[in-house]
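Written below as structure tokens is the structure these notes are about.
The values are calculated or read from the model by the stated rules, or taken from the named source; none is laboratory data. Not measured: the values here are computed from a predicted model. Ideal geometry is used to build each Cβ from the backbone, glycine not excepted, and the neighbour counts take in all protein chains shown.
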Amino acid sequence: MSQTDDPERLAEATPRSPLAGLFVSAAQDLPSDEQLARLAAQLGPVLNSPPVGPPAGTPLMVKLGVTAGALAVLVGAGLALRRPAPPPAVAPTAPTAPAQVAKALPPAPTPAAAPAPGSAASPDEHSPPASSELAVPGAANAKSSSSTPAKAPSEAALLEQARRALNTAPSHALQLANQHRTLFPHGVLSQEREVIAIEALRRLHRGSEADQRASGFTKAFPGSAHQRMVDEAAPK
Amino acid sequence: MNDESRPSLRQIFDDHARYIWRTLRHLGVPEADTPDLCQEVFVTVHRKLASFEGRSQLRTWLYGICIRVASEHRRRPHVRREIALAEPTRETDAEPATALDSSLEQRRAVERMLSVLDEDKREVVVLYEIEGFSMKEVAEILGCPLQTAYSRLHAARALMLSAFNAEQDATP
């Protein structure tokens, strides 16, 4: 795809560049078939699912439904690829980029404002990084509730519940979205959670909170495919 | 771009995954992190594919995502520390013993060569010299003026050549 006024590439240049061999070698440095097959297997459900984000004009609930349909596959693939959590009681892990994203979002309502029955964990600013949470979804929960059964809802399950509750019980949907935020502050489905939370706030006629959360979304996820849904859910 | 002409994620994966992987490696993503970052690229593609309007070529759009994912990864604090600590290794062994060693040595030599470049120049070199994009496409992917891309390429070549010569001079 070279254009006539582009310089000769070093790998093909005449006279031969001393760097030519290195670039030829670099071009041949491809992953093995096994590595690709492993990646494909881990991404499998995502690879075969329809793209997220239907065209403009689709009702919001339908869009959310489509999005949620992809949640399970995304999480399934996301979880599969994450490496196991590091052993406990090691030096604090440095925050990751998603941690910065989480900070850019407005704070979740306090438990007093939005009590979450059954939500065991309290917001934890020093939560472990995404990889460990995702590898052990129940870890954060188990830490603070020894009496609760060890099994915690997965990211996708929690958001699917929230999405289903939107129509009939938006306050419950909001609780579940906030619970997701507590359990998975850096989860791979943070964008989808925020869309649900904003829509729930709008349905509860908490417009200023919806606006605030929508602003946080725009700041945290610039260029997101969900921006249109956020704009519709929280009209200015 | 309408739904019929838009390729599926599976097609995109089959056509481009190995090159996305290669690009991430040459952009300085550690080998251990490459599968995760590759996954991140494809999850992002999955999220955005419906909004891809075909104003740019699919390949340039895809590599734009790849560049951003790698760039964001490099800015994560723990990665910055690891990069600072991980000086490119210089082999002192006399002769590589096997073809595998030779291939590994070549890979390290490429990494040493690219590591003398800052991120901006490295991106141009990887896209132009290794991935075969035209300079116009490189500028489009990186969102910079064409002349800037040319300047980065020329500066990068001079730096790499200088580092290569210095290494040759230091070899007994």
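Would you say B:Ile12 is among the β-branched types (Val, Ile, Thr), out of contact with any Gly (no Cβ under 9 Å at 6 or more places or on another chain) and modelled with pLDDT of 95 or more? In short, no.
Screening A:Asn48 with (1) at the interface with another protein chain (Cβ under 7 Å from one of its Cβ atoms); (2) surrounded by 15 or more Cβ atoms within 10 Å (Cβ to Cβ); (3) among the polar types (S, T, N, Q) gives one miss only, at (2).
Restricted to the range B:158-171, and to residues there that are at the interface with another protein chain (Cβ under 10 Å from one of its Cβ atoms) and out of contact with any helix residue (DSSP H, G or I) (no Cβ under 8 Å at 6 or more places or on another chain), the residue that is surrounded by the fewest Cβ atoms within 10 Å (Cβ to Cβ) is B:Gln168.
Does the range B:111-123 contain at least one residue that is in a helix (DSSP H, G or I), within 12 Å of the chain's Cα centre (by Cα) and at the interface with chain A (Cβ under 10 Å from one of its Cβ atoms)? Within the range B:111-123 (the criterion being in a helix (DSSP H, G or I), within 12 Å of the chain's Cα centre (by Cα) and at the interface with chain A (Cβ under 10 Å from one of its Cβ atoms)), the answer is yes, since at least one residue qualifies.
Only residues that are surrounded by 20 or more Cβ atoms within 10 Å (Cβ to Cβ) and either on the phi > 0 side of the Ramachandran plot or of a type outside the set (Val, Ile, Thr) (or both) were counted in the range A:192-205, giving 8. Is it the case, given these coordinates, that A:Pro123 is farther than 24 Å from B:Val69 by Cα and modelled with pLDDT under 85? Judged against the criteria, A:Pro123 is a match. Looking at this structure, is B:Arg10 touching a Pro at 6+ places or on another chain (Cβ under 7 Å) and assigned to a helix (DSSP H, G or I)? No, not satisfied. Checking the structure you have, find out if any residue of the range B:37-58 is more than 7 Å from chain A (Cβ to nearest Cβ), out of contact with any helix residue (DSSP H, G or I) (no Cβ under 8 Å at 6 or more places or on another chain) and either closer than 23 Å to B:Val125 by Cβ or assigned to a helix (DSSP H, G or I) (or both). No, the range B:37-58 contains no residue that is more than 7 Å from chain A (Cβ to nearest Cβ), out of contact with any helix residue (DSSP H, G or I) (no Cβ under 8 Å at 6 or more places or on another chain) and either closer than 23 Å to B:Val125 by Cβ or assigned to a helix (DSSP H, G or I) (or both).
Among the residues of the range B:13-26, the ones that are touching a residue at least 40 places away in the same chain (Cβ under 8 Å) and at the interface with another protein chain (Cβ under 9 Å from one of its Cβ atoms) come to 3 in all.
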